[in-house]
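A short reminder: the numbers here are calculations on the coordinates, not readings from a lab. Since this is a predicted model, take the numbers as computed values, not measurements. A quick note on method: Cβ atoms are made from the backbone with ideal geometry, for glycine too, and the neighbour counts reach across all protein chains shown.
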Amino acid sequence: MSDIRAELRYATSHEWVRLEDDGTAYVGISDHAQDAMGDLVYVELPEVGQALEVTDEAGVVESVKAASDIYAPVSGEIVAINEALEDTPELVNQDPYGDGWLFRIRLNDKAELEQLLSADDYRTQLDSED
Amino acid sequence: MSTQADNTLIFELSRPGRRAAAQAPRALPAERLSAIPAALRRKQRPALPEVSELQVVRHYTNLSTRNFAIDKQFYPLGSCTMKYNPRGANRAAMLPGFLGRHPLAPESHSQGYLACMFELQEFLKEVTGMQGVSLTPMAGAQGEFAGVAMIRAYHEARNDDARTEILIPEAAHGTNPATAVMCGYKVREVPVNKDGDVDLAALKAACGPQTAGLMMTNPSTCGVFERQIDGIAKAVHEAGGLLYYDGANLNAILGKVRPGDMGFDVIHMNLHKTFATPHGGGGPGAGPVGVSERLKPFLPTPIVGRDDDGRYRWLDQNDLPQSIGHLSAFMGNAGVLLRAYFYARVLGREGMIRVGEYSTLAANYLLKRLEAIGCTPAYPERRASHEFILTFAKEAKTLGVSAMDIAKRLLDYNQHAPTTYFPLLVPECFLIEPTETETKEALDEFVAAMESILAEARDNPELLKGAPYSQPVRRLDDVKAARELDLVWSKL
Amino acid sequence: MPFIPHTSDDVQAMLAAIGADSIEDLFDEIPAHLKAGALAGLPEGLSEMEVTALMASRARQDAGVLCFLGAGAYEHHIPAAVWEIATRGEYYTAYTPYQAEASQGTLQTIYEFQTLMARLTGMDASNASVYDGASGLAEAVLMALRANRKSKSGRVLMPEAVNPRYRQTVTAICENQNVELVSVPFDAAAGTTAVTALSGYAGEDFAALVIAQPNFFGGLEDVDALTDWAHAQGMLVIALVNPTALALLTPPGEWGEKGADIVVGEAQPLGIPLSSGGPYCGFMCCKQQHIRQMPGRIIGRTVDLEGKPGFTLTLQAREQHIRRSKATSNICTNQGLAMTAATIYLSLLGPEGLEAVAAHSHANTQTLVARLGAIDGVSVAFTDATFHEAVLRLPKPASEVLPQLAERGIIGGYDLGLDFPSLADCVLVCATETRTADDIDLYATVLAEVLA
C-alpha cells in the first residue's frame, strides 16, 4: 500500500502539490510513482524563472529502464529547484514527500489547486489502476 | 564458465615504449612535417595503448569468447531474427576487389559492384511487391526515417500541408515514434485489442485530413498476423494517408505475402534480419527501402540504374530531383548489401519462400511445446507468426519470479534469453523467435531448459533471482552504472 | 534446402505437435487473396561455389586501379589481425548486448573504443559509434540544438569547406525539424575558413559552428581562433575531424580557450576498408555536461552482485526503445563490427604507429603535390597548409582529365567541379602511406601525357 499524504493535492499524472504560506508550492512525485519507476538515476528539472502552464512539461524522472515526464500540476513561475537531486536522485525514492521534492512554484491562481485530486480521490484512482 | 579469469583492459596492458612494430611504417624525420604549422600540432601523443601484436590478438580473442553468439548458442531473440549468418557471404563480401573499391571510383571501374547492387534492388522489389528500391539506408531506423521522409515529401509535393500526424499502433517498436518525430510529425498511438490486432474502430476514428500515414509491422509486434490489414489500408488511404511497413518481421512472411500486395506504399527491410547478414554485436545493419509507384521520385539517392546498353550507372540528384537526398556520405553499408546479395543468390526463388514457411513452422512448434510444459501464451487463440509471446505474469505474482529472472537463468543453461519486456503492453513477457535455421533438437533443448527452470521457480525461486551463475559476471548493477557514470577509462 | 536443417521426419513430427496437416495450414489466418505468387522475377538458387565464383568475377572487374582519391574515404594499410579477429563468430554473430552478462566481450570492446576515441579527441565521453561520419554530423547538429538551451533560432553555421556530401546528408536528415544551415564561404585563395568570413554573423543567434579539421580541401583551419570566436558568440563548437590526422594535430578538446563541445568524424581510416563506402563507423564524443544529449548507445563500467567490475548499457533512457517519440534520435544500432575493427587497429598501432601513418600520409601527399605541381599548367590551388589531401588546378576541366586517367588505370582524385562551379578545373588528390614513390612517379608521368 503506497503512502498518500492527506494534506497534499495530487495530479492524475502522479505529481503532488503542497501549498506554503507565502503563496508558493512544493511539487514532487507520489510514493506510488517513485515505487513504480524503481530506482531513479536522473532527474531533469525546469529552470528557475521559467513560467509554466498547467500540464506543461516541467522535467523528467529516469530510472534504468524507464523515463517519465513530469507535468506542472499548477501554473506559475519556478522559484526554486531541488539541486540536491542532481547528485542524489535517490532522494526521490527515499523521501518522495520531503527531501525528494522536485521544484517550488509561485502559483498564478490558488484556485487551480481545487482542480487537483484530494488524497481520497487519488487513492481511488490508484485502486482503479490496479 | 568464465573463459578469462579477469577483465583487464587493453590500457592496463600498456607499457611505455612497447610497440607492435610490424603494423606501422617507420617513423619519419621531423622535417618531413615542417609544412604543418606548429600551432596546429598536438603537444602530447594521445594515450593509446602501447602493446605487442600478440597482446592485442590475445586480448581481443579472449574478449570475444565472453559473448554469446549465434555461432555458439541458440539465440531466440524476438524481433531480431537471429538466424545463421552464412560464412560464404562474409568471404564473398571480403573479396579484395570489393574491399578495395573506393566509393567514388568512376563507373567505368565499378561495373562489377554495380551489377550486384542492381540485381539486389530487383530481387528486393520482387520479393516485397514494391515498384522501386533504394539500398542506401544504413539500418532499419534509417530506413524508417527515409520512409517517413518520403511520405512527407509526397504530401508536400502535392501542397497537402495539413497532414501533421503519424498513426502508430501502441505495440510498435520505439524507433517508429522516434522516427516520426525526426520527420517533424506528431505521433498518435492506436490501441491494440486483446487478440493482438489493431482496434480498427479506433483507427478509423483517428484517421482524418491530419493523417500523413500509418506505421506498422505485419505480422505485428504481438507475433501475430494482422488479419484486418485490408480494412486498415482502406481506412488510411481513404483519409489520404500512406501506409508504412516496418520490415522488422518480414522473415515471417518472406515469399508468402508481399507488403506491396497488402497495400503498403513504403517499406523498409532489415537485411541483418531477413537476409542473414551479421548483427555484429549491434551493427552494422542495412535498411533498404521499397516504394509504390507514386513514391518513386522521392527515393533516397544514389540508386543503381541500367542504361539500354547494359551499362550500370548511379542515379543521383540529377535523375531524381525530388529525392529526399543523401542519408550517408556515400551509398550506405555496401559490405552488408553484398552479404545480402550472396544470401539472395544462394536461396533463389524456392529458398526465399521456404524462409517464411520454416520460420513459421519452428515458431508454432516451439509455442505448442512450451504451452504443453505450462508456459502461458499471450494470444492462445492465435497462430504464431515467426515469433510469439509468453507471459510470466502468473509466475511473477505467485512465485515472485520475474521474466528477467527466467531470462537470466536461461543463460546458465547455455541458451540466449528471448527478448524480454517487449512489447510493453504484455506484462512480464518473452518474445521468442527461433528462426528457420535451428534444428528440431535445438528447439527441444530450449523446451527442456524452460521446463527445468519452471521447476526451479516453484522449488527454489531464490535460485533464479540470483542467476546467472555461469557467466563472466553475475547480475550487474545498472543503477550504479547510470548514477555514477564511468564511460571511459580515466587511469593511464 | 540451404540453411534449413529440417528432415521430412522433423517436419512431420513438428506438424503433429502443432496439430496441423501442412505448413500451409500455419498461414490460415492470412486472407487468401494476399498470398504471394511464384516470385517469377527471382532466379533459381545457386550453390556457395557458384555464387562465390560469380561474385569473384565481379570483384575482379573493379580491381587493379591505382587510387589517389580521398574525399572522405582513405586507403590505409589494415593489419591482418584486425579483421581476422573482428570476424570471429563470437563478435560477428552476437547481437546488441542487451543481456549484459552474456555480452561482456562486446561491451568491454565498446568501453575500450569509447576510451580510445575520448583520448584521441581530448574529450570527456564517447558513444559506441553511429552509422558514418556524415550522418554523425547530422546527429551532432541536432545534439547541439538540444544542448545549447540559450539558442532558440534552430540555426547552425556550416562552412562550405565541409565535405559537400556531409552537408547534403545533414540537410536531408535535419530539414524536417526546422533546422537552418547557414553557409560560410571559404577563402578563395587560402582554401580555409577565415574568422573574418564569420564576423558578419556576430551577435546573431546560432546554436553552433561546425569546424572541419582538416577541411574538405585538406586545408588546416585556424581552429583556435574559430573556436574562441564561436564561444564568444554563445555558440557551441562541433568539430569534424579525421582520426588519423589527430595523431599529429591538436585534439578538439584543446581547441582555443575552452575546447570543442561536440566532436564527430569518420573512423573508416582506422582499419576499415574502403569497401564502396561502408560499413564505416561514425564516432561521436562530447564534454561531460552534454552527455545526456548524446544519441546512440553508451556503455558504462559498473560492478556485479559480488562487487566484480563489469560492463553494461547505460543512459538508456535517452534511447528510442524507452523514450520513444522523445528519444535523442531514432538510432538503434551502432556500427559494432567496424567499431571493433577500429578498436583493434588503434591498439595495434599505438601512439607512435598512428603518428607514423599520419606522417607518411602527409609527406606522401606533399611529394605528390610537388611532383604534379611541377607539370606544365598544373598548380597548387590554395595557399594554406594541408594535411593529407590538397587541391591542384589543372589547365583543363577535371571532368575531362579524370576519365582519361581512369582509362590508364589511375583514379586521379576528386572532381571539385561537381560541387564547386568555381573549381571546375580543380582536383582533390590524396596519397596515404600506402602509395609508394613508384606510384607517385607513375601518376606524374601519366598526367603529363594526358595534359600534353
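With a simple spin-label model that places each label point 7 Å from the Cα along the Cα-to-Cβ direction, the separation between C:A80 and B:R45 comes to 2.5 nm. Projection of the Cα convex hull of the stretch B:88-346, averaged over all directions and equal to a quarter of that hull's surface, yields 13.7 nm². Extending 7 Å from Cα along the Cβ direction at C:K152 and again at A:D99 yields two label points whose distance is 3.8 nm. With R₀ fixed at 30 Å, the C-beta to C-beta distance from B:E445 to B:R87 puts the FRET efficiency at about 0.80.
Taken over the stretch B:245-292, the ratio of Cα radius of gyration to 2.2 N^0.38 Å equals 1.17. With K and R counted +1 and D and E -1, the other residues having a Cβ less than 11 Å from that of C:I331 yield a net charge of -1. Using equal-weight Cα scatterers in the Debye expression, the normalised intensity of the stretch C:80-343 in log10 at q = 0.13, 0.14, 0.17 Å⁻¹ is -0.81, -0.93, -1.33.
Contact order for chain C, expressed relative to its length and based on alpha carbon pairs under 8 Å spaced 6+ residues apart, stands at 20 percent.
Find out how many positive minus negative residues lie around B:A449, taking Lys and Arg as positive, Asp and Glu as negative, among other residues whose Cβ is under 11 Å from that of B:A449. Residues near B:A449 contribute -4 overall.
Computed over Cα pairs, the Kirkwood radius of chain C leads via Stokes-Einstein (0.692 mPa s, 37 °C) to a diffusion coefficient of 134 µm² per second. Relative contact order of chain B: 19 percent, from C-alpha pairs under 8 Å at least 6 residues apart in sequence. Calculated FRET efficiency, B:R458 and A:E114, Cβ-Cβ r, R0 60 Å, to nearest 0.05? Between B:R458 and A:E114 the formula returns 0.70. Summarising the label geometry, the points placed 7 Å from Cα in the beta-carbon direction at B:L399 and B:H237 lie 4.9 nm from one another. Other residues within the sphere of radius under 12 Å centred on the Cβ of B:L399, judged by their own Cβ, net out at -2 (K and R +1, D and E -1).
Calculated mean residue ellipticity, 222 nm, the protein assembly as shown: -10500 deg cm²/dmol, from DSSP H runs (n ≥ 4) at -39500 (n - 2.57) each, averaged per residue and rounded to 500. Computed on the protein assembly as shown, the Cα convex hull volume stands at 165 Å³ per residue. Within chain C, the longest run free of exposed loop sites, counting trypsin sites (Lys or Arg not before Pro) that sit outside DSSP helix and strand states (H, G, I, E, B) and have at most 12 other Cβ atoms within 10 Å, spans C:153-452. In chain B, one over the average inverse separation of all distinct C-alpha pairs is 25.1 Å, which is the Kirkwood hydrodynamic radius.
Taking only the C-alpha atoms of the stretch B:354-478, the Rg (one decimal) and the largest Cα-Cα distance, Dmax (whole number), read 14.2, 43 Å.
As a length-normalised measure over Cα pairs under 8 Å and 6 or more apart, the relative contact order of the stretch B:10-64 settles at 65 percent.
By the gyration tensor of its Cα atoms, with a ≥ b ≥ c the square roots of the eigenvalues, what is the shape of chain A: rounded for a/c under 1.5, prolate for a/b over b/c, or oblate? Judged from the Cα gyration tensor, chain A comes out oblate (a/c at least 1.5, b/c at or above a/b). Note on C:A370 and C:L418: with the Förster distance fixed at 41 Å, the Cβ-Cβ geometry gives a FRET efficiency of about 0.95. Ranked by the mean number of other Cβ atoms within 10 Å of their residues, highest first, the peptides C:169-175, B:118-124 come out as C:169-175, B:118-124.
What the Cα convex hull of the stretch C:311-452 gives, in volume per residue, is 190 Å³.
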